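The block underneath contains the structure these notes are about, expressed in structure tokens.
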Amino acid sequence: MADMTKTLCPYCGVGCGLELAPPAVPGKPINRDAEGNPIWRVRGDRSHPSSRGQVCIKGATVAESLDKNRLLHPMMRDSLDEPFRQVSWDEALDRITSEISSTLGTYGPEGICMYGSGQFQTEDYYTAQKLLKGCLGTNNFDANSRLCMSSAVAGYIQSFGSDGPPTCYDDLENTDCAFLIGTNTADCHPIVFNRLRKHHKKNRKVKMIVVDPRRTATAEAADLHLAIRPGTDLHLLNGIAHLLMRWGYIDTVFIDECTEGFSQFADVMQQYPPELVARECGIRLDELEQAARWWGESNRVLSLWSMGINQSAEGTAKCRTIINLHLMTGNIGRPGAGPFSLTGQPNAMGGREAGGLSHILPGYRVIKNPQHRAEVEKIWQVPAGRISAKPGLAAWDMIRGLEQGTVGVMWVAATNPAVSMPDLVRTKAALKQSPFTISQDAYYPTETAKYAHVVLPAAQFGEKAGVMTNSERMVTFCPAFRKPPGEARADWEIFAEIGRRLGFSAEFDFADSAAVYAEFIRTTKGRPCDMTRLSHRRLKQEGPTQWPCPGYPTDPIVTNRQEEPKRLYTNLSFNTPNGRAQFAAFHAKGLAEAPNPDYPLVLTVGRLYEHWHTMSRTGHIAKITKKNPHPFLEIHPKDAKKCSIADDQWVEVLSKRGKARFLARVTTAISPGTIFAPMHWGELWADNAEANALTHPEVCPISLQPELKACAVRVQPVSQQPLDSELTKEPQAKVEMLHLVESR
Ligand code: SF4
């Protein structure tokens, strides 16, 4: 098709290249959705190095979501009991500026919080950091990456001295053994899985090990599926390390020359003999031995993980323990080998580069490092000492801050915490107490808008020009190819305008998003994520580029990509002060909330192939919603029998914190003692369908990531069949249910 625009899929962290064309192109009938609305044409971009033309159902249908349920104008209200009224941008921005100013006076900078999102482009992230950390003097910026990847971030920083996955997607086709733990890659990162699966199918000697309590689509493809008990990952990983040492499968030269702390680590691993580990994990001894043998015999082992590892009260320990296996076997810095965390959001990686968490700063710097703060203050041209030395509030601490009355302004942008946070009953009660909440989003209504005093319409995918980085550090320019609907504005423009209204005109004197990006790029100079060769113009000319890519935007265009470095640590020198990677040993503590007689089952939550997070986009696409019209619960036949539950029956799941209702799927694909429910449904889509009404907020003490993946529950048949109106909400009912009726 002529005039195709190249961009990046705005859904998951795989970061597939897309090509889009307008609904009407010469010589073809107008492209329309099922309801007859004209929609953009979408296909995979064959030239994108990460995806090579492949897309999953979400990417293929993304155009159908662009005009549905959009927030078109700013709206305001004085209290949550009132309906919103449409206001001008000036009125909304004046109100926000005045609330921030008065909060600075009464609460101090610590009273202001922003909760952002991996849906942001890098320019949005960067501008938000400058506003909060550089101008307002608070580090209270956190993002939904805290719920997704912060354990991986902490693991990389502690083991290697810096964040950053050292691997790339080409490793999927170069590995001898793929070790997938805590990731349903087939459903949640489908194009990564397609690349791996193709390699696996083509090469009979390549092994695939999948560790998951569920027999997922990923596990179905494995040579070995280890259905361990939830919370026993550390046992398993330590048990593999024990066997690798016992059988002599360790790389002593690499350990001696490139690492530190091995002997203390080895002492602890002695305490994980295979018999004990197999018993704790609930797997057979020979299965454990097979996994260790494949690790040991393979020249190139690639580990892949995602939320099943990260969303844990032991998340950082688990990430570091995966990395330990790579360090002891020298499986790093080579094609086909290394630890590889798969990011959830499309630009979670860009957020990490831009300092988009409450303990970090742009350019892979950390708040606690005085030199890092001084370097960023210099680039921002703000007074020395402006950036607070105190890490800001992490996501769950913001909720606690609202409960304790220490937060005066809660600014939520491009995310929906009223569905995605743990312990939703408590989360919603805290949001209700917020003195002033802004919900800045492309879509309306959302569950979070129910708790907002001001809603701001944001431009989204295809409506603003910016940059995103995917899981393999591939940076892609995403152009604006359509006008934002109504009065929607880019997130970075909104942040910059608020900054100027608060008196920081010079700091936010950006002509366009290219200027924002140019300033951000300066923060990466000499850092592990150095991308000083990049600019909007260059990315448009040269196409997607992997970092590190030091240089100048004026450097000659790279024509031979094969010569570009794809991996980190190929020289086996790490970003620690002495250049050595760090071993660390962790004993398994188990689940933060273990099953007990009142709540005897472990609920694990997760994502479905077709849906994206809280369904703000995918919930409006008929091709997607028909796949699973209702949220369901997977339960093993033995547990179903104990709970008197039949297949296809509505059941109630209860935890200490709340309850939710699901349609039972009795299946041997889940281990006895564990049940599974998808996390996508919020109160906008059905009554009592929220999996996170059940989850708890205990966090990893290092990464502060909540243990969303496991909580103790019981299951019982429902006393009353749900009504159709409770199971599927009509559009008007959604607005009324959320008390968000607009006055006209
Ligand atoms: S795999 Fe992820 S990035 Fe690729 S098309 Fe699907 S949702 Fe988009």
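Each reported figure results from applying straightforward, stated rules to the coordinates on display, with no laboratory input. It should be emphasised that the depicted structure is a prediction, and the values quoted were computed from it without experimental measurement. Cβ coordinates were reconstructed from backbone atoms using ideal geometry, including for glycine residues, and neighbour counts include every protein chain displayed.
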**Prompt:** So what's the range 637-712 giving for Cα Rg divided by 2.2 N^0.38 Å, two decimals?
**Reply:** 1.20
**Request:** Calculate the translational D of the range 150-341 in whole µm² s⁻¹ from Stokes-Einstein, where the hydrodynamic radius comes from the Kirkwood formula applied to all Cα pairs, the temperature is 4 °C and the viscosity 1.567 mPa s.
**Result:** 80
**Request:** Run the dipole for the chain about the Cα centre, Lys and Arg Cβ at +1, Asp and Glu Cβ at -1, nothing else charged, and hand back the magnitude in debye, nearest 20.
**Result:** 1180
**Request:** Treat every Asp and Glu Cβ in the range 150-341 as -1 and every Lys and Arg Cβ as +1, leave all other atoms uncharged, and give the resulting dipole magnitude about the Cα centre to the nearest 20 debye.
**Result:** 700
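Using only the Cα atoms, what convex hull volume per residue in Å³ does the range 467-520 have?
106
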**Protection proxy ranking, peptides 47-59, 582-594, average beta carbon neighbours within 10 Å, highest first** = 47-59, 582-594
**Cα-based shape type of the range 1-69, given that a ≥ b ≥ c are square roots of the gyration tensor eigenvalues and the cut on a/c is 1.5** = oblate
**Message:** With only alpha-carbon pairs counted, each pair once and no self-pairs, how large is the Kirkwood hydrodynamic radius of the chain in angstroms?
**Reply:** 26.1
**Complete:** Measuring from its Cα centre, the range 1-69 shows a charge dipole (+1 at each Lys and Arg Cβ, -1 at each Asp and Glu Cβ) which, in debye to the nearest 20, is 220
**Message:** I'd like the distance separating the alpha-carbon centroids of the range 608-645 and the range 103-143, in whole Å.
**Reply:** 35
**Complete:** In whole Hz, the Karplus estimates of ³J(HN,Hα) for the range 718-723 (6.51, -1.76, 1.60; θ = phi - 60°; x where Gly or Pro) are 6, 7, 9, 4, x, 7
**Message:** From the P(r) of the range 609-744, could you give the percentage of C-alpha pairs in the tail past 21 Å?
**Reply:** 47
**Prompt:** Alpha carbon centre of the range 651-717 versus the range 374-403: separation in Å?
**Reply:** 33
**Message:** Suppose we take every Cα in the range 262-339 and form the convex hull; what volume per residue is that in Å³?
**Reply:** 110
**Item:** Dipole axis of the chain (+1 Lys, Arg; -1 Asp, Glu on Cβ), positive-most option in Phe477, Asn140, Cys56
**Value:** Cys56
**Request:** Would you work out which of Val713, His630, Pro435 lies farthest towards the positive end of the dipole of the chain, given +1 charges on the beta-carbon of Lys and Arg and -1 on that of Asp and Glu, about the Cα centre?
**Result:** His630
**Complete:** From the Cα centre of the range 198-246 to that of the range 1-71, the distance in Å is 35
**Prompt:** Is the shape of the range 357-481 best called rounded, prolate or oblate, per the rule: a/c under 1.5 gives rounded, else a/b larger than b/c gives prolate, else oblate, with a ≥ b ≥ c the square roots of the Cα gyration tensor eigenvalues?
**Reply:** oblate
**Prompt:** What percent does the relative contact order of the range 1-69 come to when contacts are Cα pairs within less than 8 Å and at least six residues apart?
**Reply:** 29
**Message:** At a 10 Å Cβ-Cβ cut-off, how would you order Val382, Val376, fewest neighbours first?
**Reply:** Val382, Val376
**Request:** Towards the positive end of the charge dipole of the chain, with charges on Cβ (+1 Lys, Arg; -1 Asp, Glu), say which of Asn688, Ala384, Ala92 has the farthest Cα.
**Result:** Asn688
**Message:** Quick check on packing: order 185-198, 30-43, 239-252 by the mean number of other C-beta atoms within 10 Å, highest mean leading.
**Reply:** 185-198, 239-252, 30-43
**Asked** Which whole-Hz ³J(HN,Hα) couplings does the range 341-348 yield from phi under the Karplus relation 6.51 cos²θ - 1.76 cosθ + 1.60, θ = phi - 60°, glycine and proline marked x?
**Response** 7, 9, 6, x, 8, x, 10, 4
**Message:** Counting other beta carbons within 10 Å of each residue's own, what order do Ser341, Ser719, Ser434, Ser65 fall into, fewest first?
**Reply:** Ser719, Ser434, Ser65, Ser341
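With runs of 4+ DSSP H residues as the only contributors, calculate the mean residue ellipticity of the chain at 222 nm using -39,500 (n - 2.57) per run, divided by the residue total and rounded to the nearest 500.
About -8000 deg cm²/dmol.
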